[in-house]
Each structure stands twice: as structure tokens, then as C-alpha cells.
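For reference, the structure is listed below as C-alpha cells.
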Amino acid sequence: MQIKKCSLNEFGHPEIQGTDLNQLIERLTQHQYIDREFTNYFLFTYRYFTQPLNLLNCLKERYYASKLEDSTEDETQIIPLIQMRVATVLFSWIESRFSCYDFDDPNSEFSVEVITFLEVLKNNPVCRTEALNSESLLLQIFKTDPRPTQTELIPLPVSLMAEDTPMTILSFDVQTIADFIAFKDYEVFAKIQPQEFLNQSWNKPQASVKSPNIIEMTNRFNNLGNWVVYEVLSGVTPKDRCQLVLHLFQVAKELQEMNDLNGMCAIMSGLINSSIVRLKKTFAKLAKKEKSTVWEDMTKAIMGEENFKTLRRCWANAKPPAVPFLAITLKDLTFLEDGNPTFLQDGGINFYKFRKIGEVVQEIASYQHLSYPSVVNPDLQSYIQTKSEQATQEGTMGLYRISKKREP
């Protein structure tokens, strides 16, 4: 097999940069070795340049091929190996969470064609085991309820605090707040499906349908930031507001220590909101040590200086459980999609682009399997939800008007 453009990876295997679909299929099913990394990236991104039914037909053509072009090897030995690889690829296609959503509709023409092809594979001794495994897995998918998207609203639990006890965010210690925010951030992050990251779906019409959990994560970030603004402005005097700023800043620092970069950036975005930073009397109450390099560094981090260098370093060193600042991932994917053509000048598929997209999404997905400890705190949940709703009702202009009233 000749590939138009490729290099070698660290294992000495060809790493395709540009080729056509038939050559990608050959690479996918070649008999000498299995490259699972290539298979994963291909199955995740193939919809950029073809459709499920067409890919299935290409695999079938590869399976039924009786002659191999440009091959000097014994075809009687090679063809059964290739057929086995076709069965293996089909199993990987069905098994992988990066591509199994293709099989959600059991009545589609595509699903019917897959089932028919599996019957063929079951009659081939070298493919029978993989075909049976694929069939079993496919039947499980057909019986499974649709994958979860956005969280249903859950009634607030009964408060444990006495009704006559005045409640503010200062009623809860920093660690309790950080634990609660991190757990709730992870709940949303863990629901994001790989396909939501493709084709910039989060930024296009029907985003709430195609990327519902990315949209929910984005809304959560914005709501947390607005809540922080509203929380600080609830302080009547500069001293009160200063105390709230310090408390919430400590929460942001704790979230950074916990590797919840979404929560950390959301809190800091509220603290540097224009409705807050204009409060000169409030910030005059901060001791110099409080307006330290830590504050400055965290502020610069979320402002995106040097392409989010600080946050990228934090994420590179993060150990699960962790939640990313999703804006960086979406920025990188946008750059990869807009800055690289799908097809090369010679008409070949630019697989370098799709491998890089796959790497970005796979790296994010690797953090979705380990949760923060579950946190049940009825009072804090009720408090934050209520204040967040009030902040949303005020809106950006309403919050700014409150800020002007606090400090004209």
C-alpha cells in the first residue's frame, strides 16, 4: 500500500497525513499489525469526509476483495487476515464510545445493513468470534435507553438550617463550597459525549440538540460567574463586600488546587467582572498581601495571556479527578477545523487534521471516568441555586446598576 503523505510514529508505524478514503480503509484493515490509535481517531472523525453507510460499503468491498493490488505476498494467506481485520474494525466501531452513537437507530438502513453483514461474517470461521461479539454488543445498544443529555431539574432538598438563621455565602466554609462546586461541575462534564465536539456544533444552529452538554457546561460557567457578581454586590458596605471577595477568592484558589479549572475560572471571572472591579472603595479595603501575585496570576490566567499558557500548564499537570476550562478545548478545536483544510490540493483527505482533533477530544475524555466525592449539602445547594436565579433575573445591566448604587 502506498500512502500519499505520511511519517513514522514512535512505534515505527506509518502516521498518515494525507491520502484518499480507499487508502485509509487499507490502512485500517492492513494485515501486518493493528494500530488501535489510528483506528480510534479514524472512527471518531470519519464523518468529516464520508458517511456511515459509505464507510460500511468500503469495509465490505475490502472484505470481498479477491485480488490485492501491488502485493507480492501469498494472497491465500493475506486475504483471510484482512477479512479478520474488517471484522475487528466493525467490532471497534460498535464498541467505542467515540462512534457507537452511529448505531442508535435499530431501524435505519445503516443498522439493517450492518446486521446483514454480520450474518456473512458469522459464516466465516476467521471472523465468527468478532462477529458474534459485535452482534451481542449491537443488540445491547438497541435495547439501551437513549444516552443521557442534560440533567433533569431535581427538587431542592429540605434545608437542615433553622428557618430564622440568616444565611449568606459566609455561612459556609471555603472547603465545603469548593467541594460542592467541583462535584456539580464534574456531573455536567462527565455527560459530554465525544461527538458534541465535532464540526463546532456548539457554535451552530441547533447547538442545544447537537451539543447539549457542552451548552449546559457553558451555561453553568456563566451562571457561576454571575452568581459571584451578585454575591459580592449583596454586601452593603465596602467592608462587607471586601469580606465576600476574599471568601470567594479563597474558593477559587481551592478549586485550582482540586484541578477544577472550570470552577476556578468561573469564580475569578465573576471577581474581575466590570461590575466588581469598579468598586474602588471595596478593593481599597483589601490588604496588599491579599492583592498578591496569586491574585494577579489567577487573573492573568483566565484572561488568556500567551494562549492560556498558565491554565494549559495547570491542566497538563492535573491528575483526575479534574474538570477542564472547556473554552480552551473549544478554541483549539476551532483552530484545527478552521485552520486546516479537510482535503489537500491533490484531493487527498487531510488525515493529519482529524488525528489532531481526535487527540484533543481523547485527552479530554480521559478525565471523564473519575468523579469527585459526592457532596450532599441541602442548604448550600438551595442557597446557590436561589442566588443564581436572582442574578440571572438581574442580567448584566441589572448587576451593573446595583454596582453603581453601591459605589456611585
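Data for the structure
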| item | result |
| --- | --- |
| Residue under evaluation Q362, criteria (1) in a helix (DSSP H, G or I); (2) in contact with a Phe, Trp or Tyr (Cβ under 9 Å, 6 or more places away or on another chain); (3) in the same structural domain as K387 (by TED's automatic domain parsing), criterion not met | (3) |
| Unique match (being modelled with pLDDT of 95 or more, in contact with a helix residue (DSSP H, G or I) (Cβ under 7 Å, 6 or more places away or on another chain) and exposed (fewer than 14 other Cβ atoms within 10 Å of the Cβ)) among Q150, Q200, Q175 | Q175 |
| Matching residues, the stretch 92-139, being part of a loop (DSSP other than H, G, I, E, B) and either in contact with a strand residue (DSSP E or B) (Cβ under 8 Å, 6 or more places away or on another chain) or small (G, A, S) (or both) | S96, S99, S108 |
| Residue within the stretch 343-364 that is in contact (Cβ under 8 Å) with a residue 40 or more places away in the chain and closer than 17 Å to G263 by Cα present | yes |
| Flag if S371 is under 30 Å from G270 (Cα atoms), touching a residue at least 40 places away in the same chain (Cβ under 8 Å), among the polar types (S, T, N, Q) and outside any helix (DSSP H, G or I) | yes |
| Checklist (1) within 18 Å of F49 (Cβ to Cβ); (2) exposed (fewer than 14 other Cβ atoms within 10 Å of the Cβ) applied to E305, failing item | (1) |
| Residue match in the stretch 90-108 (condition: closer than 30 Å to G358 by Cα, in the same structural domain as D35 (by TED's automatic domain parsing) and among the β-branched types (V, I, T)) | yes |
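The values are calculated or read from the model by the stated rules, or taken from the named source; none is laboratory data. Keep in mind that this is a model prediction, so the values were computed, not measured. Virtual Cβ from ideal backbone geometry, glycine too; neighbours counted across all protein chains shown.
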